[in-house]
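So the structure is just underneath, and the comments pick up after that.
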Amino acid sequence: MQWTHVRRALLATILLVLPVSLSFAEEHETPQRGGADFGGPNAVPNQIESDAQHSLLGRGTAVGEQWDAWKSDIQKDHGFGLGLDYTGVYLNASEAVPGGDDSAGAGIVRVFGAWDLTGGESGNTGTFVWKFEHRHAYGDPAPSPLWAALDLGYVGLMAPPFNDQGWRTQNFYWRQRLNQGRFSFAAGFLDATDFLDLYGMISPWLHFTNFVFSTGSATMDVPNDAGLGVGFGTMLTDEFYLLASFIDANGNPDRFWESVDTLFNDKEYFKALELGWTSGQNRIYLDNYHVTVWHKDARTEAGKPNGWGVNVSFARFVDETWMPFLRGGYSDDGDSLLEKSISAGIGYRLRSNKDLVGFGLNWGKPNPNQGVPDIDQYAAELFYRLLVGKRINLTADLQYLKDPAANPTKDSIWVWGLRGRIAF
């Protein structure tokens with residue numbers, strides 16, 4: 001693959017992150033708008049719309065109704081959508097490496113918004129999107145994003161957004177829709193996990209805890225959550241779509257303004273192209289098969305090599321109840337955790353579509369650059385997400401890890417977890 005030519009082509013494109021309301025994440029999954037959508041359940045416009053389907057404190061509660069009415073009015077009158085949520089996670093493992101911590105807990109408060117400034121009723125809206133987070137630990141020591149790898153010896157990530165990094169800017173970009181949403185582009189500070197390699201059960205806030213069931217199946221060397229970038233997405237036909245992205249590989253969400261310097265001076269980038277099929281533009285991530293190809297430049301200051309890879313995903317929403325999926329990836333060099341990975345599983349909605357059960361299995365081969373033994377790793381995860389009231393989700397989670405590559409003294413580890421999310 002001639003990555004020089006790919007880079008030039010991608011540099012001329014602009015990245016897409018569109019509002020989506022058809023994730024497997026929430027009770028209401030029928031799109032509320034026309035046109036194709038290209039963002040996932042964590043994309044800001046999607047999260048705002050999904051949370052708006054519920055009343056904060058229940059119907060008939062004055063405070064909740066007043067708050068919801070105020071948000072609805074400013075969005076209707078001024079195009080300003082606002083969201084706020086808090087999510088907490090606690091994980092406990094049966095075993096840890098010598099000197100490692102067998103438990104970790106952290107919380108995240110997020111404030112986010114999407115302001116439609118141009119386009120009006122035409123559907124060709126220009127929107128400013130933003131999201132700020134505060135990530136904080138429960139107890140001492142603070143959990144690392146690499147808690148599973150450093151403390152358990154499992155070459156992987158668990159609940160990677162939950163750590164003690166403090167305030168950070170996760171989104172700060174302009175999104176433009178054209179042709180009633182069949183084409184969209186954005187530019188600014190972008191989170192690649194909002195739009196790349198998606199399917200209906202990808203959110204670490206609402207679905208699996210183990211990252212092998214999320215973006216890239218742990219074989220994709222994605223940037224540090226967010227970076228300055230551009231890209232686009234378009235529907236090629238009624239069933240086929242194309243996504244492209246070009247993002248600074250050294251983005252720093254703690255000081256996002258520094259990405260201007262690293263983007264133009266370090267010239268180390270993450271690039272991706274995705275071609276996908278869907279049964280219809282209003283089910284683009286419910287019925288979705290896609291292939292994603294990516295490349296990442298070497299990061300000189302960080303001492304990380306360049307690399308490339310391919311990811312594939314097949315997911316189908318059956319009878320509006322079941323979602324079986326098969327996903328995998330391969331990476332050549334780079335700094336990904338795994339070199340090869342295959343995941344399969346299923347989701348099932350129950351209790352009048354309020355609750356969700358998910359089960360997944362994974363086989364993975366660690367990336368040789370991680371410096372661990374060349375052995376196969378296996379993981380299984382089962383979770384049950386319960387909807388309490390209108391906007392509170394409680395999730396119980398159980399994982400089984402077989403042959404953790406960086407912990408040769410243990411053949412298996414059990415990890416149980418609890419997660420809660422409340423949206424305002």
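Computed from the coordinates by the stated procedures, all read-outs in this text should not be read as laboratory data. For clarity, every value in this text was computed on a predicted model and none was experimentally measured. Positions of Cβ are generated from backbone atoms using ideal geometry, with glycine treated the same way; all protein chains shown enter the neighbour counts.
Cα centroids of the stretch 114-166 and the stretch 196-263: 12 Å apart.
How large is the Kirkwood hydrodynamic radius of the stretch 77-136, in angstrom, based on all distinct alpha carbon pairs? Don't skip to the end; give the middle numbers.
Working: mean 1/r = 0.0677 Å⁻¹.
That comes to 14.8 Å for the stretch 77-136.
Dipole of the chain, Cα-centred, from +1 at each Lys and Arg C-beta and -1 at each Asp and Glu C-beta, to the nearest 20 debye? Mind showing how you got there, number by number?
Numbers: 34 positive and 50 negative charges, 136 e Å.
In debye, rounded to 20, the chain gives about 660.
Peptides 215-225, 117-127, 168-178, 406-416 ranked from most to least packed by the mean count of surrounding Cβ atoms within 10 Å: 215-225, 168-178, 406-416, 117-127. Couplings 3J(HN,Hα) of the stretch 194-211, computed from phi: 6, 9, 9, 6, 8, 8, x, 10, 9, 7, x, 7, 10, 10, 5, 8, 6, 5 Hz, in residue order, whole Hz [Karplus 6.51 cos²θ - 1.76 cosθ + 1.60, θ = phi - 60°; x for Gly and Pro]. Taking 27 Å as the straight-line reach from the Cα of K296, the lysines in range (excluding those fewer than 8 positions away in the same chain) are K131, K267, K271, K304, K340, K365. Residues of the stretch 77-102 falling in the label zone of V388, defined by backbone nitrogen less than 18 Å from a point 7 Å along Cα to beta-carbon, are 85-91. For the pair L418 and Y400, the difference between a 0.36 nm per residue extended length and the Cα-Cα distance amounts to 5.0 nm.
Backbone geometry of the stretch 409-414 corresponds, through the Karplus equation with coefficients 6.51, -1.76 and 1.60 at θ = phi - 60°, to 3J(HN,Hα) couplings of 7, 10, 7, 7, 9, 9 Hz, x marking Gly and Pro. The aspartates and glutamates within cross-link reach of K76, meaning a Cα-to-Cα straight distance under 15 Å and a gap of 8 or more places when in the same chain, are E49, D68, D116, E121.
Positive end of the dipole of the stretch 3-423 (Cβ unit charges, origin at the Cα centre): among G120, V44, V293, the Cα lying farthest that way belongs to G120. The modelled label-to-label distance between S279 and D376, using points 7 Å beyond Cα along the C-beta direction, is 3.3 nm. The string of couplings for the stretch 353-369 from the Karplus curve (6.51, -1.76, 1.60, θ = phi - 60°) is 6, 8, 10, 9, 10, x, 9, x, 10, 9, 10, x, 10, x, 5, x, 5 Hz, one whole number per residue in order, with x for Gly and Pro.
Here the stretch 279-333 was treated as a single set of alpha-carbon atoms; its pair distances binned every 10 Å from 0 give 21, 34, 23, 16, 5, 0 percent. Between L361 and L117, the distance separating the two model label sites (each 7 Å from Cα on the Cα→Cβ line) works out to 5.1 nm. Taking 0.36 nm per residue of separation and subtracting the current Cα-Cα distance, fully stretching the chain between N179 and A298 would add 39.1 nm. To the nearest µm²/s, what D does Stokes-Einstein give for the stretch 120-277 at 20 °C and 1.002 mPa s, using the Kirkwood radius over alpha carbon pairs as Rh? Rounded, D is 126 µm²/s.
Peptide packing: for 77-84, 148-155, 325-332, the average count of neighbouring Cβ atoms within 10 Å per residue gives the ranking 148-155, 325-332, 77-84, highest mean first.
For the chain, the spread of Cα positions along the three principal axes, ordered from largest to smallest, is 61, 53, 41 Å.
Compute the length gained on full extension between F314 and R351: take 0.36 nm times their separation in residues and subtract their Cα-Cα distance, giving the result in nm to one decimal.
Numbers: separation 37, 0.36 × 37 = 13.32 nm, distance 2.60 nm.
The F314-R351 span can extend by a further 10.7 nm.
Taken over the stretch 140-214, the percentage of Cα pairs per 10 Å bin, counting from 0 up to the bin with the maximum distance, is 16, 35, 32, 13, 4, 0.
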